[in-house]
């Protein structure tokens, strides 16, 4: 397990961000929101040479998984949190000017009644997870040095 200071530094170095999306299923009545998808993103350090699915990507994913688990509510609830398996591709987003990122996807859904509509428990869990991520230093959508509390610029390599 990593110390809090080490984890905070890792989050800053790898510019860890999250995004929350509605998670839908198709049923007889059409599309219905049944939960949320929360994605965590991390960039490799600029001087690290990587390829999609490489050992460094797997290590970044493991650290994202550690961060995700730290952000989960601790008591048992009717909501569950499904962390999806490692995806060996790089992910790119317009918000980061198409920089290559490792992504962890977690579903926030019903423990039972998978196709039941979104309820207050899932909303509450999603809000708490986002607050825990924020408390850890993870940023919403796109990394900002200003929000990170540092005025230094990114290192040039």
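The values are calculated or read from the model by the stated rules, or taken from the named source; none is laboratory data. The structure presented is a predicted model; accordingly, all values stated were derived computationally and were not measured. Positions of Cβ are backbone-derived with ideal geometry, glycine not excepted, and every protein chain shown enters the neighbour counts.
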Notebook entry, point to check: Tally time: how many residues in the range 27-64 are touching a residue at least 60 places away in the same chain (Cβ under 8 Å), more than 21 Å from residue 133 (Cβ to Cβ) and either touching a helix residue (DSSP H, G or I) at 6+ places or on another chain (Cβ under 7 Å) or assigned to a loop (DSSP other than H, G, I, E, B) (or both)?
Noted result: 2
Next item on the list: May I ask you to verify whether residue 127 is surrounded by fewer than 15 Cβ atoms within 10 Å (Cβ to Cβ) and more than 23 Å from residue 8 (Cα to Cα)?
Entry: no
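Please find, among 70, 107, the residue that is assigned to a strand (DSSP E or B), under 12 Å from the mean Cα position of the chain (by Cα) and either modelled with pLDDT of 95 or more or surrounded by 13 or more Cβ atoms within 10 Å (Cβ to Cβ) (or both). Reasoning before the result, please.
Numbers: 70 fails: assigned to a strand (DSSP E or B).
Just one listed residue meets the conditions, 107.
Which count do you get for residues in the range 88-99 that are assigned to a loop (DSSP other than H, G, I, E, B), touching a strand residue (DSSP E or B) at 6+ places or on another chain (Cβ under 9 Å), touching a residue at least 24 places away in the same chain (Cβ under 8 Å) and surrounded by fewer than 16 Cβ atoms within 10 Å (Cβ to Cβ)? First the steps, then the outcome.
Let us first name the residues in the range 88-99 that are assigned to a loop (DSSP other than H, G, I, E, B), namely 88-90, 92-93, 97-99.
Retained after the next criterion (residues that are touching a strand residue (DSSP E or B) at 6+ places or on another chain (Cβ under 9 Å)): 89-90, 92-93, 99.
Filter again for touching a residue at least 24 places away in the same chain (Cβ under 8 Å), leaving 89-90, 93, 99.
In the following step, the residues that additionally are surrounded by fewer than 16 Cβ atoms within 10 Å (Cβ to Cβ) were identified as 89.
Of the residues in the range 88-99, 1 are assigned to a loop (DSSP other than H, G, I, E, B), touching a strand residue (DSSP E or B) at 6+ places or on another chain (Cβ under 9 Å), touching a residue at least 24 places away in the same chain (Cβ under 8 Å) and surrounded by fewer than 16 Cβ atoms within 10 Å (Cβ to Cβ).
Among the candidates 98, 133, single out the residue that is within 20 Å of residue 43 (Cα to Cα) and modelled with pLDDT of 95 or more. Even if it seems obvious, please write down each step before you answer.
Details: 98 fails: modelled with pLDDT of 95 or more.
Just a single option satisfies the conditions, and that option is 133.
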Check: Restricting attention to the range 73-84, and to residues there that are farther than 17 Å from residue 101 by Cβ and without any contact (Cβ under 8 Å) to a residue 40 or more places away in the chain, which single residue is surrounded by the most Cβ atoms within 10 Å (Cβ to Cβ)?
Finding: 80
Note to self: Looking only at the range 1-26, filter to residues that are in contact (Cβ under 8 Å) with a residue 40 or more places away in the chain and part of a helix (DSSP H, G or I); which one of those is surrounded by the fewest Cβ atoms within 10 Å (Cβ to Cβ)?
What the structure shows: 8
Margin query: If a residue must be out of contact with any helix residue (DSSP H, G or I) (no Cβ under 9 Å at 6 or more places or on another chain) and surrounded by 13 or more Cβ atoms within 10 Å (Cβ to Cβ), how many such residues does the range 110-124 contain?
Written below: 8
Notebook entry, point to check: Scanning the range 113-130 for residues that are modelled with pLDDT of 95 or more and in a loop (DSSP other than H, G, I, E, B), which turns out farthest from residue 40 (Cα to Cα)?
Noted result: 119
